Amino acid sequence: MYLYNSATHKKELFTTHTPDHVEMYTCGPTVYHFAHIGNLRSYIMEDVLEKYLRFAGYDVNRVMNITDVGHLTSDADEGEDKMLKGARREHKTVMEIAQYYTDAFFADCRKLNIKTPDVVQPATGLIDDYIHIVETLLNKGFAYVAGGNVYFDTGKLPRYYVFNDHKEEDLAVGVREGVEEDTNKRSKNDFVLWFTKSKFEDQALKWDSPWGVGYPGWHIECSGISMKYNGEYLDLHCGGVDNAFPHHTNEIAQSESYLGHPWCTHWCHVAHLNTTDGKMSKSKGEFLTVSLLEEKGYDPIAYRFFCLQSHYRKNLVFTWENLDNAVAAYDKLLARLSSVDPEDGAVDEAAAAALTEPFRAAMDNDLNTPNAVTALYGVLKATANGATKWAAIEAMDSVLGIKLAEKAAAKRAKQAETAGAADGFFVVCEDGEKSAQIEDLLRRRAEAKKSRDFAEADRIRDALKEQGVEITDMSGGVKWRRV
Ligand code: AMP
Ligand code: ZN
């Protein structure tokens, strides 16, 4: 598969340290509030990537952190700790806030059909590991103690930032308006590995360390968690594009300095979901959540479909109108799928595999989910029996995750119900047309078949054909359309 690598700025053939095995890491949520649907766009696309790697034959070990400590309200180490801010707002302890919003995050993930990573590690659970990394960095000369804090010394690195997508002015943290310069730093790029002194002395969670009672810096958790559960060689690191700098740059700096060799080969960043008035942000207080979508009557899976219709490296604009368009397209797709009978014939495995080829080609080309969705329509148009088509669709949906079989079956059942089939036998027009005359003929034909009067059944079929009506027998009913 070819996947864009933010570290090299190229679409590259994806390779792994160990053949057929992917060590994958994803930056997890900061659990001081609900995830907004922008955050969830990142998790949906990362879920699709993980599932596609598995589909392509890799065995994947996916690790994710939960940021329940140490995430400051801005990149500039200023303002309050986000967790503390959440706890104050809700008159709860930091740990209560963390548990509540971690549960809420996974509940949202379930609604969006996002698989839980193999390892989920709250940041507060590995403090000793971070301390060990910081000690090692100090011993190796990559860190220094100043003003009670431990800083990473970026001046010791052969290269500092690898994602040139960010500009020099992004690095000018100390000189940004309203941000006090941290005079302990030797260089403006240096960052805190361990705090014992910070601007907010009331930090709720603190631990003993060789440098005094304090708490870890923002970036060390991801390095520590990944190196513990993914090992020394990471194949794929994912996150939203805002994580690229300074978070990922600093993760690379500290991990490679600690390990003494290159760490992660492939970096994947998901572009933002924006509203028409700009970036969606949790810290702004008001934002769109999965629960809000549900309250407004939207199926969360339709939101997943909306995300799949855009490429992950393009910004996506959220408007209700755009979502409505996606809902309409999703519904149309389900309507077409519901008229493909899964019990029609036996699965031709080779034909089903061939039907998934355009899907594979799309996904192999930098996870092109819009084309992968188009490939579903290709299967609908193909000449194959229903069982074979469904085998292909279900294989593709094991990656896309839009519950096609389940929802199409539900639609079929509903059609049967509305077709008024008291005996369980349904008659339905593919284009939604109602015709008592055609329905009556089709029911008579079914009766004839039941009493083995095949001549009568064929006569009715031919009569309908003459009227320009084509019929397809399905398990439990029949569908028709005008040709
Ligand atoms: P956070 O909970 O703020 O740490 O963010 C969780 C994930 O969502 C990170 O990977 C972020 O990069 C990502 N993210 C944040 N805002 C957006 C957005 N508007 N669109 C897409 N992803 C986002
Ligand atoms: Zn991270």
Positive-end extreme of charge dipole, the chain - chosen from G214, S291, Y32 (charges on Cβ): S291
Stretch gain in nm, segment A455-R54, where the contour uses 0.36 nm per residue and the Cα spacing is subtracted: 139.2 nm
For the chain, Kirkwood radius (reciprocal of mean inverse C-alpha pair distance, Å): 25.3 Å
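Can you give the extra length, in nm with one decimal, that the chain gains between S187 and H261 once fully stretched, where that is 0.36 nm per residue apart less the Cα-Cα distance?
Details: separation 74, 0.36 × 74 = 26.64 nm, distance 2.37 nm.
Taking 0.36 nm per residue and subtracting the Cα distance, the gain is 24.3 nm.
Normalised by the residues of the chain, what does the relative contact order come to in percent, with Cα pairs under 8 Å and at least six apart?
Values: 755 pairs, mean separation 76.3, N = 483.
Normalised by residue count, the contact order of the chain is 16 percent.
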F142 long-range amide H proximity, modeled H, under 5 Å: none
Rounded tilt (10° steps) of 37-55 against the dominant C-alpha axis of the chain: 70 degrees
Stretch gain in nm, segment D440-R481, where the contour uses 0.36 nm per residue and the Cα spacing is subtracted: 13.3 nm
Whole-Hz couplings from phi, Karplus 6.51/-1.76/1.60, listed for segment 354-361; x for Gly and Pro: 5, 5, 8, 4, x, 5, 4, 4
Relative contact order %, segment 14-270, counting alpha carbon pairs below 8 Å whose residues are six or more apart: 24 percent
Given charges at beta-carbon only (K, R positive; D, E negative), |dipole| of the chain in Debye: 900 debye
Nearest-ten-degree value, helix 320-338 long axis tilted from longest Cα axis of the chain: 40 degrees
Relative pair counts by distance (%), Cα atoms of segment 14-270, 5 Å bins: 1, 6, 13, 17, 20, 18, 13, 8, 3, 1, 0
Reciprocal of mean inverse Cα separation for segment 420-482 (Kirkwood radius, Å): 11.7 Å
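Tell me the Kirkwood radius of segment 334-483: reciprocal of the mean inverse pair distance over distinct alpha-carbon atoms, in Å.
Working: mean 1/r = 0.0600 Å⁻¹.
Result for segment 334-483 stands at 16.7 Å.
Pop the C-beta distance of E232 and K10 into the FRET formula with R0 = 25 Å and round what comes out to the nearest 0.05. Each step should come with its number before you reach the end.
Details: r = 24 Å, r/R0 = 0.98.
Given R0 = 25 Å and the Cβ-Cβ separation, E is 0.55.
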P(r) histogram, all alpha-carbon pairs of segment 370-455 included - 5 Å bins from 0, percent: 3, 11, 17, 17, 16, 16, 11, 6, 3, 1
Tilt relative to the chain, helix 436-450 - C-alpha long axis, 0 to 90 degrees, to 10: 80 degrees
Within segment 1-64, percent of DSSP bridges classed antiparallel, to nearest 5: 45 percent
L316 long-range amide H proximity, modeled H, under 5 Å: H272, L273, N274
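Which longest run of the chain has no exposed loop site in it, a site being GluC sites (Glu not before Pro) in a DSSP loop with at most 13 other beta carbons within 10 Å, and the site itself not part of the run?
Numbers: sites that count: E177, E180, E181, E201, E286, E343, E433.
Here the longest run is 1-176.
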Low-density loop cleavage sites - trypsin sites (Lys or Arg not before Pro) in segment 378-483, where at most 15 other Cβ are within 10 Å (DSSP): K434, R452
For segment 80-108 versus segment 422-446, the gap between their alpha-carbon centres in whole angstrom: 55 Å
Euclidean distance of C-alpha centroids, segment 244-301 and segment 122-159, integer Å: 24 Å
Estimated FRET transfer efficiency (K206, T374; beta-carbon r; R0 56 Å; 0.05): 0.60
Candidates per trypsin sites (Lys or Arg not before Pro) in segment 268-319, loop by DSSP, up to 12 other Cβ within 10 Å: K284, K296, K314
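Laboratory data are not the source of any read-out in this text; all were calculated from the coordinates shown. Since we're looking at a predicted model, the values are computed, not measured. Note: ideal-geometry Cβ built from the backbone for every residue, glycine included; neighbour counts use all protein chains shown.
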